[in-house]
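Novice: Could you have a look at this structure, given as structure tokens, before my questions?
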Amino acid sequence: MAPRANWKGFLRLSLVTCPVALYPATSDTEKVSFNQINRKTGHRIKYAKVDAETGEEVANDDIMKGYKIDTDTYIEVSKDELDDIALESTRTIEIDEFVPKSDIDGRYLIRPYYLVPDGKVGHDAFAVIRETIRSMDKVAIGRVVLTNREHIIALEPLDKGLMGTLLRYPYEVRSETEYFEDIQDVKITKDMLDLARHIVEQKSGSFEPEQFEDRYEQALIDLINQKRNGLSTKAKAAPKSTGNVINLMDALKRSLASEKQAAPAAEKTKGKKPKKAAAGQREMLLPISGSGKRAAKETAKETVKEAPKKAEKPVRTAARTKKAG
């Protein structure tokens, strides 16, 4: 199923304009998620929107936005009033300036998107804008409205398309001063720095995200598989403490020795192909037949009688895109 664009409009550089579509570059939909259920019945918990004073449920048509100015005082704002202040950038990403990528503080980065031509027209204008940004070796800064909020977006070439990264406003970024002011100024000896550099050299490598493994996500999948198949789960033993090393120099020496021992094993596994990332847990996490907790227990008993096999790894489905926010 083709992904659905979170936003469609126009990309404009001065008088050069082309229709574009914006797609999220990341997704959390493949992560295991839980519902809250009633322990006694096994039924899912449902949340209702109720009046805080009367306790009565409120229909969606009777709900509006309000800005709190006092304990029980709100300024009501209607949808029409919000639409009236909608900005031009709701349908246009206009490039305002070009800046070096190194000028963008990492704290301002929010999330990435893919920007592509929308439809069969405008590909030439899109290519002109893309290659202009590429040739200047800079990042284009514009504005875009997503979920009724205007965001700053940084655009840079990525293969045949553009990657747009939403940026925070200055008021959203906290100053580091109040957090760092109590850090002591200490003198580090050359020997300590040399040892630390050797440790860094031992652990140095290239950035290969396909090697990353979400161990907690896999543990969740294994846990659910075990419970689905009626297998008992055992609590892990607490890890043994290696003891505190008080002397910093001693800690550095021990770390370096440990990294040297680990290096040969790392070299052996470096040439091996990484494991393929699981694509989805939807088919793997099959619903238990029957209703409520009793049905779940009966299914588990039947599975135990059949000598359940070891739970297989999930086959993930394609991720569904969410609306941007």
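Novice: Can you flag which of Lys138/Lys190; Lys49/Lys79; Lys68/Lys101; Lys101/Lys203; Lys31/Lys253; Lys101/Lys260 are past 30 Å Cα-Cα?
Specialist: Those over the limit are Lys138/Lys190; Lys68/Lys101; Lys31/Lys253; Lys101/Lys260.
Novice: Per-residue accessible area for Leu167 at 1.4 Å probe radius, Å² rounded to 10?
Specialist: 20
Novice: Which value in nm describes the separation of the simple spin-label points at Ile152 and Leu223, placed 7 Å from the Cα toward the beta carbon?
Specialist: 4.0
Novice: I want to make sure I understand the PRE zone here: with the label point 7 angstrom from the Cα of Ile110 toward its beta carbon, which residues in region 143-170 have backbone N atoms less than 12 Å away?
Specialist: Only 143-154, 165-170 pass the distance filter.
Novice: Separate question: Can you give me the accessible area per residue for region 100-216, using a 1.4 Å probe, in Å²?
Specialist: With the other protein chains kept in place, region 100-216 gives 74 Å² per residue.
Novice: Follow-up question, since we're still on this one. Rank these by accessible area, largest first, 1.4 Å probe: Thr90, Thr165, Thr71.
Specialist: Thr71, Thr90, Thr165
Novice: Any chance you could run the full-extension gain for Ile37 through Leu15? It's 0.36 nm times the residue separation minus the Cα-Cα distance, nm to one decimal.
Specialist: 2.3 nm
Novice: Starting from the Cα gyration tensor of region 111-186, take the square roots of the eigenvalues, sort them a ≥ b ≥ c, and report rounded, prolate or oblate (rounded when a/c is under 1.5, otherwise prolate if a/b is larger than b/c, else oblate).
Specialist: prolate
Novice: Hey, rough spin-label estimate for Lys46 and Lys120, points 7 angstrom out along Cα→Cβ, what's it come to in nanometres?
Specialist: 4.8
Novice: Treating the Cα atoms of region 47-200 as identical point scatterers in vacuum, please give the log10 of the normalised Debye intensity I(q)/I(0) at q = 0.19 Å⁻¹, two decimals.
Specialist: These q points yield log10 I(q)/I(0) values of -1.18.
Novice: Moving on. How would you order 7-14, 195-202, 104-111 from highest to lowest mean count of nearby Cβ atoms within 10 Å?
Specialist: Final packing ranking: 7-14, 195-202, 104-111.
Novice: Report the full-extension gain for the segment Ala25 to Met249: residue separation times 0.36 nm, less the Cα-Cα distance, to one decimal in nm.
Specialist: Extra length available between Ala25 and Met249 comes to 76.2 nm.
Novice: On a straight-distance basis, which aspartates and glutamates could pair with Lys234 in a cross-link, Cα separation under 18 angstrom, same-chain partners fewer than 8 positions away excluded?
Specialist: Straight-line reach from Lys234, under 18 Å: Glu217, Asp222.
The values are calculated or read from the model by the stated rules, or taken from the named source; none is laboratory data. Just so it is clear, the model here is predicted, and its values are computed rather than measured. Note that we place each Cβ from the backbone using ideal geometry, even for glycine, and neighbour counts take in every protein chain shown. These accessible areas exclude ligands, DNA and RNA; they are computed on the full protein's heavy atoms, side chains included. Shrake-Rupley method; radii C 1.70, N 1.55, O 1.52, S 1.80 Å.
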